[in-house]
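Taken together, the values in this text are just the output of simple stated rules run on the coordinates, not laboratory data. Owing to the predicted nature of the structure, the values given are computational and were not obtained by experimental measurement. Note that we place each Cβ from the backbone using ideal geometry, even for glycine, and neighbour counts take in every protein chain shown.
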Amino acid sequence: MSLALTHRATIVDRFVKKSLVADITLVVAGAALTAVAAQISIPAYPVPFTLQTLVVLLVGATLGANRSILSMALYAVAGLAGMPVFAPKADGSHVVGFAAFTGPTAGFIFGFIVASFLVGLLSERQWSSNVVKTFVAFVIGSLAIYAIGLPVLSSIAFKGDFAATVSYMVPFMVWDVVKAVIAAGLLPGAWLLTKKFKG
């Protein structure tokens, strides 16, 4: 039994034998890595610069749709339960629990779930083994995050001024393009290595 679609393997399936135990371990690991990436941040208001989105999209690309959506859902539930898994504020403190889901970054948390699923679907169709397709997949995932995150951010932190919100987020968008370029180089390279050593 496996949470993954047995006929649509992702790169992790080249190394890990499919089983429910393995899938649960991967789901937990994806959530944990996302939490760690959230702590690597540069404070900014109302949202910080982090490596979080890069890890979210990499989780989608490596775990596939089913496992990645469960992984991001677990990450969200951990924060809701009070664990300090979300990016810290400028003073180092964390917003957790229900407050995190009524704050300006709430939309991005839900965006992570959708984005990882979309990237996971594309990865199951072998997009992550091609540089251009990997880049496009990550752009699609990033757009999903912004499509959900920006309206919430705008309504809470910018009094509904969507143009001001987009203007504020331009540096973040540039940063996400850089991360997409990095991933476009990493994942296809990893596929080449697996084909070399795994056949």
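List of remarks:
- Flag if Thr53 is within 27 Å of Ser167 (Cβ to Cβ), of a type in the set (S, T, N, Q) and in a helix (DSSP H, G or I): yes
- Filtering segment 58-92 to residues that are of a type in the set (D, E, K, R) and surrounded by fewer than 22 Cβ atoms within 10 Å (Cβ to Cβ) leaves Lys89, Asp91.
Results for (1) touching a helix residue (DSSP H, G or I) at 6+ places or on another chain (Cβ under 6 Å); (2) free of Cβ contacts under 8 Å to residues at least 12 places away in the same chain; (3) surrounded by fewer than 24 Cβ atoms within 10 Å (Cβ to Cβ), shown as yes or no for each residue.
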position: Pro48; (1), (2), (3): no, no, yes
position: Val56; (1), (2), (3): yes, no, no
position: Gly103; (1), (2), (3): no, no, yes
position: Leu121; (1), (2), (3): yes, no, yes
position: Ser129; (1), (2), (3): yes, no, yes
position: Ile145; (1), (2), (3): yes, no, no
position: Ile148; (1), (2), (3): yes, no, yes
position: Phe158; (1), (2), (3): yes, yes, yes
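- Inter-residue pairs, beta-carbon under 9 Å, first at positive phi and in segment 72-85, second surrounded by 15 or more Cβ atoms within 10 Å (Cβ to Cβ) and among the hydrophobic types (A, V, I, L, M, F, W, C), 6+ apart: Gly82/Val96
- Which numbered condition Ile24 fails, given (1) in contact with a helix residue (DSSP H, G or I) (Cβ under 6 Å, 6 or more places away or on another chain); (2) free of Cβ contacts under 8 Å to residues at least 24 places away in the same chain: (1)
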